[in-house]
Each structure stands twice: as structure tokens, then as C-alpha cells.
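Working notes, structure below.
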Amino acid sequence: MEETFTYRPMAVSDLSIVLDLLSATFCNEPLEAIAGISYQDFRDMVSFEITPILSQGFCQVVQNQDGIIIATLIANDVCAERSSATSSCPSCENYLPISAMINSLYQQHVAPLAQRSGQLLYVFIACVSPDYQRRGILKTLIRRSQAQARQNGYLRITTITTSPASQRPIMQLGYEIIGQINYCDFEYQGKRPFSELGHLGGATVLEWDCSKSG
């Protein structure tokens, strides 16, 4: 019998499990690995980003038949007010080059698209447990975020991907590239820290127009 999954909004009580899932998956990704990001560093940084936006209601989780969370999608309104962070921004020197690259793309291609709340939804991160990949779960999460954006009157959704594996299924759902930084070309403090990842392309900004059919 084919396994069924439960898709639902993320609750505050899910946070710890979601952070563990994200950290276990992403700290082994090529970009994070070459930067030397540890499990705990990644967990602390993602916690700082997610906690203030949970109340917006755009974060989702997926549970298997045993009730275990096996996937998540974290999104937020770019212009909406965030709740106060409960801790100071974690400091991780190894993460600074990644942060600089992502922030450059965000400020150049994402932030200018919205002047007020209710216009632009940003998918901060999405993840499916390795044991449950290639089952269409990521695409379903993305479709659900698209439907939610439309229902709430949003004009666009954007996201930033860092690998072809994450970019491919998103583009198959109608997202288009609006910006990119190639790993070979990115410079940070006079160095090119990600030059070894040139075969992966680079960090890419994708956009979906909510007025599209389908």
C-alpha cells in the first residue's frame, strides 16, 4: 500500500523537530560542507530566522503515517513585521561568505519587488528527509505555498536556491530565474571561497507570478 502523508501548517511546538531535520539535511550539502558549517551552527542560524516569522502562518510541515515530521517549507511575507527575536543573531564566521552571497541576491532581486505587506512571499528554505525524497513531496509543498499566496492576494513568490537539485523541481512548477551569482565568480574579502563548486552553477533567485494559470 502506498504511504500517505499529512500536510499541515507548522506549529510552534514543531520548531525543535524542524530545526533538527533542516540541520541534519543541509549541513551536509556541498555549499555548507565546503564552508565548514557545523550541525549546531546551522541549527542556531536557522532558528534565529524562523522563530520571528512562524506567526505569519506561511510555514508548513509534512508528517508520515507514524506522525513523524519528514519535510518542511518555511516562508514569510517580505514586508510583514516580524515578532521580536528571542535571542541575538548567532555568530558563525564560517557562514559569513554564504550570508554575504545570499544577502547580495536578496537585496538586489527580492527586496525591491515589494513595497508593502501582502505583495511578495519569500520561501526561505524547504527540505525533505533523504528517506522520503523523489516522492513528489517538495513539489506538493511548493504547490501548497502557491495556492496559499494566491488565496491571500500575493503578487509573487520568490526563493533562492543553492544547488541544481533544489532548483530543478521548483522551475518545473513555473518559477523563472531572475538573478544568479556563479560560485566560480563570487568573491569575499578578496577570495573566491566557493570556486570548487563551479560545477553546481551558483546561487539562483527564482520567481513565480501568482497571476499565472496552473
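The values are calculated or read from the model by the stated rules, or taken from the named source; none is laboratory data. Remember, it's a predicted structure, so these values are computed and weren't measured experimentally. Heads up, the Cβs are rebuilt from the backbone with ideal geometry, glycines too, and the neighbour counts pull from every protein chain shown.
Worth pointing out:
- Subset of the stretch 68-97 (residues that are outside any loop (DSSP other than H, G, I, E, B) and at pLDDT 95 or above): Ile69, Ile70, Ala71, Thr72, Leu73, Ile74, Ala75, Asn76, Asp77
- Counting only residues that are touching a residue at least 40 places away in the same chain (Cβ under 8 Å), more than 20 Å from Val123 (Cα to Cα) and among the acidic types (Asp, Glu), the stretch 177-214 holds 1 of them.
- The stretch 118-163, subset over 11 Å from the mean Cα position of the chain (by Cα), of a type in the set (S, T, N, Q) and closer than 24 Å to Gly179 by Cα, residue modelled with the lowest pLDDT: Ser163
- Residue match in the stretch 157-176 (condition: out of contact with any Ser or Thr (no Cβ under 6 Å at 6 or more places or on another chain), touching a residue at least 40 places away in the same chain (Cβ under 8 Å), closer than 17 Å to Ile125 by Cα and not polar (S, T, N, Q)): yes
- Selection from the stretch 16-26 of residues that are free of Cβ contacts under 8 Å to residues at least 40 places away in the same chain and buried (at least 17 other Cβ atoms within 10 Å of the Cβ): Leu19, Ser23
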